[in-house]
1. Please compute the Kirkwood hydrodynamic radius over the range 41-141, one decimal place, Å, based on all pairs of different Cα atoms.
2. What is the dipole size for the chain, taken about its Cα centre, with +1 at each Lys and Arg Cβ and -1 at each Asp and Glu Cβ, in debye to the nearest 20?
3. If I stretch the segment between residue 128 and residue 9 completely, what's the gain in nm (0.36 nm per residue apart, minus their alpha carbon distance), one decimal?
4. Ignoring everything except DSSP H segments at least 4 long, calculate the 222 nm mean residue ellipticity for the chain; use -39,500 (n - 2.57) per segment, divide by total residues, nearest 500.
5. Which lysines have a Cα lying under 17 Å from the Cα of residue 132, excluding residues fewer than 8 positions away in the same chain?
Amino acid sequence: MTTQYAKPLPRVHDLNRAFFLGALDGRLVLQHCDACGHVWFPSAQSCPKCLSQEITWKPVSGRGRVWSWVVMHQRYIPAFADDLPYAVAFVELEEGPFMMTSIVGAEPEDLVCDMPVEVAFDQVTDEVALPKFRPVTGEAS
């Protein structure tokens, strides 16, 4: 893939590299604390619950529910002008962490609290795949 991606991209660095490598492989991986079992996002050098540095990156289900969202109607960043209106959502993953993300496969007016969603990866460059979420069809909200 050699597409020119005009939107802002996350900065990949040592602390989040495993997250983005997992995304390139179609897997949502998060940090898990080996001491207390806590799972979190975004990545950190130690567990935010017990401060242990015994951390393992593990795949998570990729399923969650829409917790909240805001619909953007005004262009703040020129690269997003063609997407207006679009929703920026907080998804609560089954494992507990929240992720700020885009919802794909649904119009902003179709979003509801507790809507079940699942991860869908958008590979935007050779090095970056962005986790976004889409509604789970056939499941009551």
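Nothing in this text is a laboratory measurement; each read-out follows from the coordinates by a stated rule. Keep in mind that this is a model prediction, so the values were computed, not measured. A quick note on method: Cβ atoms are made from the backbone with ideal geometry, for glycine too, and the neighbour counts reach across all protein chains shown.
1. 15.1
2. The dipole magnitude comes to about 300 debye.
3. Working it through step by step, the gained length comes to 42.0 nm.
4. Rounded to the nearest 500, the figure is -1500 deg cm²/dmol.
5. 7
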